[in-house]
Amino acid sequence: MKTATVIELKKELQHLSQTELIEACLVLSKFKKENKELLTYLLFESSNEELFKQGVKEEIKNEFSTINCASYFYMKKSVRKILRITKKYIRYSKNKETEIELLLHFCEELKNLKPSIFRNISLNNIYDRQLLFIKKNLTKLHEDLQYDYNLMLNELDN
């Protein structure tokens, strides 16, 4: 089966009735957990971005509190998992401000992790890459927000 393009899907969806669209969304939500999560974001959380950010930050904090710190190997696997989850939520939002705020929170939690991540090259590289990514995306925001986020970024850079 050949997969249709987004343009083809959009044209076809315009011909469906409201009940058929609802049915299609429900069928999509049954196939993958990510589809259900995205639908949940679009229907319930997209209207209140601040509440969404707080919920994701809380989840990040909880995930960091459950990391097995017995070895750097387990820490690295857990940190990558948390980063993957964070990036997934960023993809749902598509808001640059949310992206930067969530990544800053991720970096802050990573920096406060014990034992220190700066004793491990892989964890240090993950941290540095996220800081570079934040710096690169800061230029796409309004100047006032850039200033505020730069202050947070400078605290993390020290």
For region 35-43, Karplus couplings with θ = phi - 60° (6.51, -1.76, 1.60), whole Hz, Gly/Pro x: 4, 5, 5, 5, 5, 4, 4, 4, 7
Residues with amide H under 5 Å from that of LEU113, placed H, sequence gap 5 or more: none
Counted charge near GLU97, where neighbours are those whose Cβ lies closer than 12 Å (Asp, Glu -1; Lys, Arg +1): -2
Karplus (6.51, -1.76, 1.60) ³J(HN,Hα), θ = phi - 60°, over region 135-146, in Hz, Gly and Pro reported as x: 4, 5, 7, 5, 5, 8, 9, 5, 4, 5, 5, 4
Loop-located trypsin sites (Lys or Arg not before Pro) in region 1-101, at most 14 other Cβ atoms within 10 Å (DSSP): LYS2, LYS32, LYS94
Percent of Cα-Cα distances greater than 17 Å, calculated over region 48-157: 51
Long-range amide H partners of LEU141 with built H, under 5 Å: none
Kirkwood estimate for region 30-71, i.e. one over the average of 1/r between Cα atoms, Å: 12.0
In sequence order, calculated HN-Hα J values of region 118-128 (Karplus, 6.51, -1.76, 1.60; Hz; x Gly/Pro): 6, 8, 10, 5, 4, 5, 5, 5, 4, 4, 5
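A short reminder: the numbers here are calculations on the coordinates, not readings from a lab. Treat the numbers as computed from the prediction; the structure is a model and nothing was measured. A quick note on method: Cβ atoms are made from the backbone with ideal geometry, for glycine too, and the neighbour counts reach across all protein chains shown.
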